[in-house]
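One structure below.
The values are calculated or read from the model by the stated rules, or taken from the named source; none is laboratory data. If you're wondering where the values come from, they're calculated on a predicted model, not measured in any experiment. Cβ placement follows ideal geometry from the backbone for every residue including glycine, while neighbour counts extend to all protein chains displayed.
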Amino acid sequence: MPEPECGPEQELGPKLADAFQTQADSLSGLRGRVMAAEARRRIRKRRQTLVAAAAAVVVVVAIGGVWSAIGSPSPVATSAGDSSTGEAAGAGTNDAPSAPGKSACPEVHPIFQGDNGGPAAGTGLDLAMPVYGLQACRYRLTTGATMLLGSGSFNASTAQQIVDDIKVLPERNPDLPVFKCAPSMAQPSEAIVLRFDTGSGVVREIWVQYDGCAAVGFLTGSRTYGLYAPPLKLFMTGTLRPTGGTYLDGLQGW
Amino acid sequence: MAAAEAEAGAIDFEVWVTEKADALVRFAYVLTGDVTLAEDAVQDALTTACARWAKVSRADDPEAYVKRMVVNAHISWWRRFRRREAPTPEPVRSTSPTPDGTAARADAEAVWELCKTLPDRQRAAVVLRFYEDLSYAEIGVLLNCAEATARSHVHRALGVLKSTLSKEGAEDA
């Protein structure tokens, strides 16, 4: 019950009550049953909309799942290993499986042709691209005795970290010694090819030169990045780890 | 068994709405000042009530429960926004006091028109106070504010109404 009225309430209260009651009573043609039916209709419609929205979400999720399964590999690192990957050339660092047939190390590689400019046009990695995995291949380049020395696969996380570490490097490492050598000695005895899975089904490469004296650093074909230890440490393990090299011998911490 | 209960629930809702819809629309009309808005607010409240009918029907006073839904719907931000989308002309005192004994009715009409100019919360507080005859504590609960705030809404509204009516009375004289 309302409290006792005072002042303006006493003066205007009855007028307001009268005005409200008069207006309320003036309403006619109300339709209770229609409103109940309309409420039920709206509920049904709301439920149908909810069901349709839920179905749409399920379809989208299903399509997304199928797309993930057959499309780009997940950039998220998984703990599942593929013991068959990388075993062809010894015990590599199998962080994560590479897609079979996509990035397995080829027995014969263009790097054998002695081109020190890096990967051919169209095969070098654009460092701005996201990568989803890495197969590293260490090759002996000695003329007449070329061969795969070691390999290892790395998961998306490590692969991306390697790319991120490389792309901030300057064109050359001024701390490394400068060599001038005869052409016969310029050719490196070995090098590592980093084969990145870019999710498009095409493997993109970075060549890592650390021996000889013709070229040094990370070569993408369009750019050369200086040879520094941080990215090397990430993949130079196991059979991918050289015993030395012209420039590696002058580099600390790899 | 469950189907029978559901059927009983359905009947209850239909019966209840048939009995109470008129009162609810009248209340909403006094609250909103517009028949269309009133029916809209009541329909929305009934739709929500229908979806939760098991809970609403168990409340001590289902009518008060649904009225609270109507009030909340009326003062909700989205409904005010929707009303802003369709502006109405400035309310004016449409009926002048006449000397043939209908002055009281004209006053009631004037009060009604002036109430339409009040902010939503103030108008709701005034309606709950003088149409629903609620205490300030009950108004505070319905408007989700303190009792003192409810009192303040009513007093401010009365102050505005009084000053406007006095001004218009002076002009008419």
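I need the full set of residues from segment A:199-245 which are β-branched (Val, Ile, Thr), within 17 Å of A:Gly114 (Cα to Cα) and outside any strand (DSSP E or B), in order please.
At the first step, the residues of segment A:199-245 found to be β-branched (Val, Ile, Thr) are A:202-203, A:206, A:208, A:216, A:220, A:224, A:237, A:239, A:243.
Keeping just the survivors that are within 17 Å of A:Gly114 (Cα to Cα) gives A:206, A:208, A:216, A:220, A:224.
Selection gives A:Val216, A:Thr220.
State all residues of segment B:119-130 that are surrounded by fewer than 20 Cβ atoms within 10 Å (Cβ to Cβ) and either among the small types (Gly, Ala, Ser) or not in a helix (DSSP H, G or I) (or both); if no residue qualifies, say none.
Scanning segment B:119-130 gives a single hit, B:Pro119.
Listed here are the residues, each with its yes/no results for (1) within 12 Å of chain A (Cβ to nearest Cβ); (2) at pLDDT below 80; (3) over 16 Å from the mean Cα position of the chain (by Cα).
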{"position": "B:Asp34", "(1), (2), (3)": "yes, no, no"}
{"position": "B:Gln43", "(1), (2), (3)": "yes, no, no"}
{"position": "B:Ala51", "(1), (2), (3)": "yes, no, yes"}
{"position": "B:Pro62", "(1), (2), (3)": "no, no, yes"}
{"position": "B:Val92", "(1), (2), (3)": "no, yes, yes"}
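Would you say A:Val216 is within 26 Å of the chain's Cα centre (by Cα) and β-branched (Val, Ile, Thr)?
On the way: within 26 Å of the chain's Cα centre (by Cα): no; β-branched (Val, Ile, Thr): yes.
Here the answer is no, as A:Val216 does not meet what is asked.
Scan A:Gln160, A:Gln187 and give me the residue that is surrounded by fewer than 22 Cβ atoms within 10 Å (Cβ to Cβ) and closer than 17 Å to A:Gly124 by Cα. Quick ask: steps written out before the conclusion?
Values: A:Gln187 fails: closer than 17 Å to A:Gly124 by Cα.
Every option except A:Gln160 fails the conditions.
Kindly establish whether B:Arg58 is modelled with pLDDT under 55, surrounded by fewer than 19 Cβ atoms within 10 Å (Cβ to Cβ) and either touching a His at 6+ places or on another chain (Cβ under 8 Å) or away from chain A (no Cβ under 13 Å) (or both).
For B:Arg58, the condition - modelled with pLDDT under 55, surrounded by fewer than 19 Cβ atoms within 10 Å (Cβ to Cβ) and either touching a His at 6+ places or on another chain (Cβ under 8 Å) or away from chain A (no Cβ under 13 Å) (or both) - is not met.
Consider A:Leu50 against the criteria (1) at pLDDT below 75; (2) within 14 Å of chain B (Cβ to nearest Cβ): it satisfies all of them except one. Which criterion is unmet?
(1)
Considering only segment B:131-173, state which residues are under 22 Å from B:Phe27 (Cβ atoms), out of contact with any helix residue (DSSP H, G or I) (no Cβ under 8 Å at 6 or more places or on another chain), assigned to a helix (DSSP H, G or I) and at pLDDT 90 or above.
none
Could you check how many residues of segment A:217-254 are among the hydrophobic types (A, V, I, L, M, F, W, C), free of Cβ contacts under 8 Å to residues at least 60 places away in the same chain and closer than 20 Å to A:Thr158 by Cα? Before the answer, list the steps.
Here is the first cut: in segment A:217-254, the ones among the hydrophobic types (A, V, I, L, M, F, W, C) are A:218-219, A:227, A:229, A:232, A:234-236, A:240, A:248, A:251, A:254.
Still in the running and free of Cβ contacts under 8 Å to residues at least 60 places away in the same chain: A:218, A:227, A:229, A:232, A:236, A:248, A:254.
Within this subset, residues satisfying the condition of being closer than 20 Å to A:Thr158 by Cα are A:218, A:227, A:229, A:232, A:236, A:254.
The qualifying residues number 6.
Here's the yes/no breakdown for (1) on the phi > 0 side of the Ramachandran plot; (2) within 23 Å of the chain's Cα centre (by Cα); (3) surrounded by fewer than 23 Cβ atoms within 10 Å (Cβ to Cβ); (4) at pLDDT 85 or above:
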position	(1), (2), (3), (4)
A:Lys102	no, yes, yes, no
A:Val108	no, no, yes, yes
A:Gln113	no, no, yes, no
A:Ala128	no, yes, yes, yes
A:Leu149	no, no, yes, yes
A:Asp164	no, yes, yes, yes
A:Arg195	no, yes, no, yes
A:Gly201	yes, yes, yes, no
